[in-house]
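Report on the following structure.
Only the coordinates and a few stated rules stand behind these numbers; no lab work does. This is a predicted model, so every value here is computed, not measured. Note that each Cβ is placed from the backbone with ideal geometry, even for glycine, and that neighbours are counted across all protein chains shown.
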């Protein structure tokens, strides 16, 4: 009988690095196709920024599904609500937004983002209690209920704010781009990348380095066992749901500033994109979601540059290709 | 026989169904107005469309968001064929011959691709594919006419100007329009009866077994992916046929009338109101919903302007006819929550009074 020394390290799980390399390979493959290195850099930065924004929106959805087997078809509603709430701060304080000082601009952007996150998080609380709690464990009803929720939220936004598109100009100091050599990099894209990376790092830290993260990961793997050990996983789930909704709201604010407009249908439009990302990444996987968001954004940007007509269906083609390779997405976390 | 051994099983339900069907059968005689005719036609078409969706949602338990896509394929294939080939029966035949197999193949591809894993996957993938299709249909304007859609002429026989039986014979003019209505009525009735046949066949029983416990159905030796894909193809074919009827009636196909997400929501709501897993629910759901849509919306408009005149805050916006979907969404959530079995389920198994 062999004995394991107490000091011996646990066997490391095998690392699956292929999906991580995928975006890099894709980017390098595109370099000769695009030709000019400067437009390649611009496109790559653009896709990185777009990918980060999509990731912020999608991360909550994938966690919620992984942890509690609840797929929220109304996730897009939080995105739109976040964007609308931000206009409540940004439009009355337009003079601060227009001021040509980074500090003043950030002083108004930060509260807008925080408020948007708070409101969509609170809405998440209501939605979880009212719509999802009664139908735990019933996929069919969950889909129907949350779809209904999305419609109601979208129409309520129309009723409260009116059907017109609200223009939302970027703060002055974030407009324009840095020019390095003949490469132009939009300032706002850098900010989006920064925020996205911070969110990604924060999620990874919480999941991998804290007790709560440990419980969440354990819950994703085996919910009943965590419950049997005496943890109230419902409450944990409610927390994850609220954080996920809040992140969707943050993503909504960033997306609205990126497009410089707010419209009630944005939630509906982005839902599809977010779903594709979550499917590609593997339901429940944060890392997969990150890579999926990058891939979707890359295909959209490179595709839009090389073959504009293809851009309409490029996401679907990407999804088909990935699912042919790995039918459960890049990283299959759950056995479901 | 004709009902495939699956009668309504409730006296009230039978009476309601007979009233609806009889009213639809004599609609051109009783309500010759243009609006009433439109409503009657829409009920016929949607009853068939919703019944085909019920085959998926109610009998296999898989949520598809691509049903309007198949409906749209049917509409567009007729519209494009008649638009480019001129108003002839050959064009109608071409539309049918191209449209139905196209819908079936697409359903087959989606089914094989996404039904292997799980219901939730299927729902997401159909949503993605359907939204891509909607974008495609509005962008490929050389083929589909873009946002404007395609208007076209019908063959001579079906035009309103063609008088088949003059007015002085029966007291009612039977023209091409009335003939079109009866074509739609009979075609829809046949499709619904065929679906009733399908769900009561051994195949339909397997579908229900998969809905109840997919793992167990698989363990019993049924190829679940085959059955689910087959059901998906059948539903798509019926939906495409319903789309063709719709195009024939409107003499037009466009993104708003045949592809939009709003129609998908309407279908979902009709299935849930009528009762999932009971083909009869489709008829009742379609009738209730479309009557409400056409006559309640006008009421909402009146109340909204009255509220605006009275100077009430917020209410005019909430009751504006364009906000119809808001109330629909609330109704939808409430009916999933409180009446999961719909009207038909309620009538078949009335809730027992609490002791």
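Taking a ≥ b ≥ c as the square roots of the Cα gyration tensor eigenvalues, with a/c under 1.5 meaning rounded and otherwise prolate when a/b beats b/c, else oblate, which class fits chain A?
oblate
With labels modelled as points extended 7 Å from the Cα through the Cβ direction, what inter-label distance (nm, one decimal) is found for residue B:225 paired with residue B:38?
4.6 nm
Once you have a ≥ b ≥ c as the square roots of the Cα gyration tensor eigenvalues for chain B, tell me rounded if a/c is under 1.5, and otherwise prolate or oblate according to whether a/b is larger than b/c.
Rounded, because the longest to shortest axis ratio a/c is under 1.5.
How many nm separate the modelled label positions at residue B:148 and residue A:160, each set 7 Å beyond the Cα in the direction of the Cβ?
3.9 nm
What FRET efficiency do you get for residue A:95 and residue A:118 if R0 is 35 Å and r is their Cβ-Cβ distance, rounded to the nearest 0.05?
On the way: r = 24 Å, r/R0 = 0.68.
The formula returns an efficiency of 0.90 here.
Shielding of A:127-136 by partners, i.e. mean partner chain Cβ atoms within 10 Å per residue?
1
Stokes-Einstein at 10 °C, 1.306 mPa s, Kirkwood radius from Cα pairs: D for the protein assembly as shown in µm² s⁻¹?
Taking Rh from Cα pairs, D becomes 58 µm²/s.
So for A:75, B:227, fewest C-beta neighbours within 10 Å to most, what's the order?
B:227, A:75
Between the alpha-carbon centers of segment A:210-268 and segment B:255-320, tell me the distance in whole angstrom.
Each part reduced to its Cα centre gives a spacing of 33 Å.
Find the relative contact order for chain A and round it to a whole percent, using C-alpha pairs within less than 8 Å whose residues are 6+ positions apart.
Result for chain A is 33 percent.
I'd like the mean, over residues of A:73-80, of how many other protein chain beta carbons sit within 10 Å of each residue's own Cβ.
1
For n ≥ 4 DSSP H runs only, could you compute -39500 (n - 2.57) per run for chain A, divide by its residues and tell me the 222 nm figure to the nearest 500?
-23500 deg cm²/dmol
What order, most packed first, do the peptides B:324-336, B:12-24, A:54-66 have when packing is the mean number of other Cβ atoms within 10 Å of each residue?
The packing order, highest mean first, is A:54-66, B:324-336, B:12-24.
Out of A:240, A:130, A:278, any idea which swings most in a Gaussian network model of chain A, alpha carbons joined below 10 Å?
For chain A, modelled as a Gaussian network with Cα springs under 10 Å, the answer is A:130.
Under 19 Å from a point 7 Å along the Cα-to-Cβ line of residue B:18: which residues of segment B:27-57 have their amide N that close?
Taking a point 7 Å out along Cα→Cβ of residue B:18, the residues of segment B:27-57 whose backbone N falls under 19 Å are B:27.
With the Cα gyration tensor of segment A:87-237 giving a ≥ b ≥ c as the square roots of its eigenvalues, does the rule (a/c under 1.5 for rounded; else a/b larger than b/c for prolate; else oblate) give rounded, prolate or oblate?
Numbers: a/c = 2.66, a/b = 1.52, b/c = 1.75.
Oblate.
What is the mean number of Cβ atoms from other protein chains located within 10 Å of the Cβ atom of each residue in peptide B:327-335, rounded to a whole number?
5
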